[in-house]
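Since every read-out is calculated from the coordinates, none of them should be taken as a lab result. Please read all numbers here as calculations on a predicted model, not as lab measurements. Cβ placement follows ideal geometry from the backbone for every residue including glycine, while neighbour counts extend to all protein chains displayed.
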Amino acid sequence: MEQYKEKDVLMLAIETSCDETAASVVKNGRKVLSNVIYTQIALHTQYGGVVPEIASRKHIEKINQVIEEALKQAEVTLQDITAIAVTYGPGLVGALLVGVAEAKAISFATGIPLVGVHHISGHISANYIEDEDLEPPFVCLVASGGHSHLVMVKDYGKYEIIGRTRDDAAGEAFDKVARAIGLGYPGGPKIDKISREGNPEAIPFPRARVAENEYDFSFSGLKSAVLNYLNSCRMKGESYSQADVAASFQKAVVDVLVEHSLHAVKEFGCGRFAVAGGVASNSSLREAFERECAKRNIRFYCPSPLLCTDNAAMIGAAGYYEYMKGKRSGFDLNAVPNLKL
């Protein structure tokens, strides 16, 4: 068993914002001692997306087991835990409530302090786990199924949103296009995989610009362009290449994310850029950022794919910095499904 110093802060973290039941023990905000994730993907695939009621019920079934396993893998007990970090928003309200109720119950029973954590702050903080030398300030792109944010990270837990999606999030667009071309759920990994067989220049899908804010994103027009292309082919009785459609769509998303993000890095002059969220595990996006950042002499940070998708380690990292700043949550902590950053 690892020896802990008295000043070491061990965070027990809980994440249940969507369809992953996750718990983790994180030491001093950077070192992951355990990161247990029970995923419900197989359960929701048959419905073509996440069913909130089913997700909530499965969280209730699994959460105690997941927490027990996280403590076991970290070789600690609740007596060793300094504080409990839990996601309280944004996300599916029923799913969030399970994690929040569990965290409050443990805190009440043990007297361990409770820290509510913003889900997006967790995604950003995954970068601190991946690279122990990374410190604010830096620009971060958060791209997932529910969020597409371009964020100026001014300090730990201190953010300024400089760009956001006006409609569909990037991950949402991936899921909808994947469904339209017959790939099913989850869309992101399936489009990523089949795109390697396609020609990204085959179909000239649009790259949207938002006139009022050069850093904002819009993906609904791109999604509509893909659907119109598919409908046109069907009406004419023409066949189309699934791989070419996927690759061309993916390139259109990647081009916009890269262009807006690196423009922000240049304008804000911090020379450091990070990505976060489920879409950040897309191989084409990662390669494009690595290539373009290298050209511009920008330091590029990217969590490993496991830390890009929803997990509790990232919540433990974010929770640590909130705890060190003196944040404590009361037993009135509630789930906030549309919580703003």
**Study point:** Phi-based couplings in Hz for segment 82-91 (Karplus 6.51, -1.76, 1.60; Gly and Pro marked x)
**Key:** 7, 7, 10, 9, 9, 5, 10, x, x, x
Review point. When the Cα centres of segment 17-80 and segment 155-196 are compared, how far apart do they sit, in Å?
Key: 22
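Relative contact order for segment 196-251: what is it in percent, counting Cα pairs under 8 Å that are at least 6 residues apart? All intermediate terms of the calculation are to be shown ahead of the outcome.
Working: 59 pairs, mean separation 32.7, N = 56.
Here the relative contact order equals 58 percent.
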Check your understanding: For segment 132-305, what's the relative contact order in percent, using C-alpha pairs closer than 8 Å and at least 6 residues apart?
Key -> 26
Exercise for review: Tally the DSSP beta bridges in the chain and give the antiparallel ones as a percent, rounded to 5.
Suggested key: 60
**Study point:** Spacing of the two label points (7 Å from each Cα toward its C-beta) at Ser239 and Asn338, in nm
**Key:** 4.7
Revision key, fill the gap. antiparallel share of DSSP beta bridges within segment 132-305, to nearest 5, in %, is 60
Review point. Counting pairs of alpha carbon atoms under 8 Å apart in space and at least six apart in sequence, what relative contact order in percent does the chain give?
Key: 25
Exercise for review: Starting at the first residue of segment 13-30, write each ³J(HN,Hα) from the Karplus equation 6.51 cos²θ - 1.76 cosθ + 1.60 with θ = phi - 60°, in whole Hz, x for Gly and Pro.
Suggested key: 10, 10, 9, 9, 6, 9, 10, 10, 9, 9, 9, 8, 10, 10, 9, 6, x, 10
Exercise for review: Sort Phe273, Phe300, Phe174, Phe331 so the one with the fewest other Cβ atoms within 10 Å of its own Cβ comes first.
Suggested key: Phe331, Phe300, Phe273, Phe174
Revision key, fill the gap. Applied in sequence order to segment 94-100, the curve 6.51 cos²θ - 1.76 cosθ + 1.60 (Karplus, θ = phi - 60°) yields integer Hz couplings, x standing for Gly and Pro, of x, 5, 4, 4, 5, x, 5
Exercise for review: First select every other residue whose beta carbon is under 11 angstrom from the beta carbon of Val115; then total the charges, Lys and Arg +1, Asp and Glu -1.
Suggested key: +2
Revision key, fill the gap. Using the Cα gyration tensor of segment 132-305, the equivalent ellipsoid's semi-axes, largest first and to the nearest Å, work out to 30, 16, 14
Practice item. Would you mind getting me the FRET efficiency between Glu160 and Ala105? Use the beta-carbon distance for r and R0 = 45 Å, nearest 0.05. Key: 0.80
Check your understanding: What residues qualify as long-range amide H neighbours of Ser34, i.e. H under 5 Å apart, gap of 5 or more or another chain, H built at 1.01 Å from N?
Key -> Val25
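Would you calculate a helix-derived [θ] at 222 nm for the chain, using -39,500 (n - 2.57) for each DSSP H run of n ≥ 4 and dividing by the full residue count, to the nearest 500? Intermediate values should be presented prior to the final figure.
Details: 11 runs with 152 residues, N = 341.
-14500 deg cm²/dmol, from helical runs alone.
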